[in-house]
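Working notes, structure below.
The values are calculated or read from the model by the stated rules, or taken from the named source; none is laboratory data. What you see is a predicted model, and the numbers here were worked out from it, not measured in a lab. Cβ placement follows ideal geometry from the backbone for every residue including glycine, while neighbour counts extend to all protein chains displayed. Areas reflect the complete protein model, heavy atoms only, side chains present, ligands, DNA and RNA absent. Shrake-Rupley method; radii C 1.70, N 1.55, O 1.52, S 1.80 Å.
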Amino acid sequence: MNVLLDNFALFREGFLGTVELTALSGAIALVLGMIMAAFRVSPVPPLRAFGAAWVTLLRNTPLTLLFFIAVLVLPRLGLNTWSYFRLAVLALSCYTSAFICEAVRSGINTVPLGQAEAARSLGMTFTQTLRLIILPQATRTVLPPIGSLLIALTKNSAIAGAFSVTELFSVQKALGEVGYDVFATFIWVAVAYLIITLFISAVFRLLENRLAVAR
């Protein structure tokens with residue numbers, strides 16, 4: 001308990017850093033993932049190819065390697081004014097967006113094809129059909145996997161601590177360097193991660209209940 005009380009300000013800073021990192025990366029990943037899912041089901045071949053390349057590349061690249069690219073390569077390409085926090089958000093959001101894209105695309109595939117054909121027969125464009133007909137129905141299906149992906153994102157954010165970003169894992173590293181018991185520090189860090197993941201689970205469970213179809 002002394003580890004937490006003696007370093008409460010540091011734990012609070014790391015906790016808020018992880019929350020901010022997860023929230024920003026998750027929001028950007030959701031937007032990117034939805035866009036890429038739309039590309040993957042688009043009738044335009046170049047867009048489908050771009051979406052497929054995005055998913056294939058990012059899903060098969062280790063997240064740690066993406067962090068190295070963001071921190072060591074991108075500054076040489078003109079992003080040298082970006083902070084490590086921004087670069088971490090970029091790496092996490094791009095990586096997670098590939099998985100969200102596939103979750104959304106699987107949800108889109110559960111909507112009967114006849115619904116899209118009926119929308120086209122009414123003169124609706126692809127964008128209108130996707131936004132007004134397909135995605136509202138697919139949302140119910142994709143909520144559970146997206147919730148799991150955001151929980152995974154929370155845990156993946158620990159990698160940012162190795163790249164000078166203030167978050168929970170960096171707190172453990174800092175306290176270990178000054179001689180605090182590693183086991184006790186890990187317990188409080190784990191509790192903090194558990195609080196965040198339980199909150200995300202509760203939010204998505206609430207959304208699932210609100211969007212559930214009465215049977």
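Out of all the residues in region 64-119, which are without any contact (Cβ under 8 Å) to a residue 40 or more places away in the chain and of a type in the set (Val, Ile, Thr)?
Across region 64-119, the qualifying residues are Ile69, Val73, Thr81, Thr110, Val111.
Any residue in region 133-156 that's within 12 Å of Ala103 (Cα to Cα) and at pLDDT 90 or above: show its pairings with residues that are among the aromatic types (Phe, Trp, Tyr) and buried (at least 19 other Cβ atoms within 10 Å of the Cβ) at Cβ separation under 7 Å, as long as the two are six or more apart or on different chains.
Between residues of region 133-156 that are within 12 Å of Ala103 (Cα to Cα) and at pLDDT 90 or above and residues that are among the aromatic types (Phe, Trp, Tyr) and buried (at least 19 other Cβ atoms within 10 Å of the Cβ), the close pairs are Leu149/Phe99.
Does Leu168 satisfy being in contact with a helix residue (DSSP H, G or I) (Cβ under 7 Å, 6 or more places away or on another chain), within 21 Å of Tyr84 (Cα to Cα) and in contact (Cβ under 8 Å) with a residue 60 or more places away in the chain? Even if it seems obvious, please write down each step before you answer.
On the way: in contact with a helix residue (DSSP H, G or I) (Cβ under 7 Å, 6 or more places away or on another chain): yes; within 21 Å of Tyr84 (Cα to Cα): yes; in contact (Cβ under 8 Å) with a residue 60 or more places away in the chain: yes.
Taking the combined requirement at face value, the residue satisfies it.
Does region 135-144 include one or more residues that are open to solvent by 70 Å² or more (accessible area, probe 1.4 Å) and hydrophobic (A, V, I, L, M, F, W, C)?
No, every residue in region 135-144 fails to be open to solvent by 70 Å² or more (accessible area, probe 1.4 Å) and hydrophobic (A, V, I, L, M, F, W, C).
Which one of these is over 25 Å from Leu206 (Cα atoms) and hydrophobic (A, V, I, L, M, F, W, C): Leu132, Leu175, Leu194, Leu153?
Criteria check complete, one pass: Leu175.
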